[in-house]
1. Quick test for you: out of THR44, THR111, THR99, THR48, pick the one residue that is crowded, with 18+ Cβ neighbours inside 10 Å, polar (S, T, N, Q) and at pLDDT 95 or above.
2. State whether the residues of the range 55-70 include one that is modelled with pLDDT under 95 and surrounded by fewer than 12 Cβ atoms within 10 Å (Cβ to Cβ).
3. Select from the range 53-86 the residues that are of a type in the set (A, V, I, L, M, F, W, C) and in a helix (DSSP H, G or I) and list them in ascending order.
4. Go through the range 111-137 and give me each residue that's among the hydroxyl-bearing types (Ser, Thr, Tyr) and not in a loop (DSSP other than H, G, I, E, B).
5. Check the range 88-96 and report whether any residue there is over 13 Å from the mean Cα position of the chain (by Cα) and part of a helix (DSSP H, G or I).
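The values are calculated or read from the model by the stated rules, or taken from the named source; none is laboratory data. Keep in mind that what you see is a predicted model, and the values were worked out from it rather than measured. Virtual Cβ from ideal backbone geometry, glycine too; neighbours counted across all protein chains shown.
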Amino acid sequence: MAIKTSTIRLKTTASTDIIDISSQVDSMISDENGLVLLFIAGSTAALTTIEYESGVVNDLKRAIEKVAPQDIPYEHDQRWGDGNGYAHVRAALLGPSLTIPLVDGKMLLGTWQQIVLCDFDNRPRSREVIVQIHTVG
């Protein structure tokens, strides 16, 4: 088994950013079989898959706001005073990583399934998504 590690670097804003990173990941793959592992370091961002179109992106933002609203008290904010307790909760619910099967150089994603970075923090950030391609053979 061989492992190739790369990084995708992104700048985000101070709102809920949902950014399609599928093409950046795809550009790192050659004719291989194995797994693609993606990981975002940081406790206020997450990775998931969705159909990346404006309706679903807006639906996801609204659903996240209902599950972990920005405007309720969070103990994290009382302790640290940084106002991003909601971002930590949102990121924890979605999670920091994805694993996608890779066959003949193609990620086995659904037709309408894209890989997205979700940044929930209340300030602009520089994010790094670690991409590891684990190949067999």
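1. Values: THR111 fails: crowded, with 18+ Cβ neighbours inside 10 Å; THR99 fails: crowded, with 18+ Cβ neighbours inside 10 Å; THR48 fails: crowded, with 18+ Cβ neighbours inside 10 Å.
After ruling out the rest, the residue left standing is THR44.
2. So far as the range 55-70 goes, no, none of its residues is modelled with pLDDT under 95 and surrounded by fewer than 12 Cβ atoms within 10 Å (Cβ to Cβ).
3. Hits for the range 53-86 are VAL56, VAL57, LEU60, ALA63, ILE64, VAL67, TRP80.
4. Within the range 111-137, SER126, THR135 meet the criteria.
5. Quick first cut of the range 88-96, residues over 13 Å from the mean Cα position of the chain (by Cα) only: 88-89.
Next, only the ones that are part of a helix (DSSP H, G or I) stay: 88-89.
Among the residues of the range 88-96, at least one is over 13 Å from the mean Cα position of the chain (by Cα) and part of a helix (DSSP H, G or I), which makes the answer yes.
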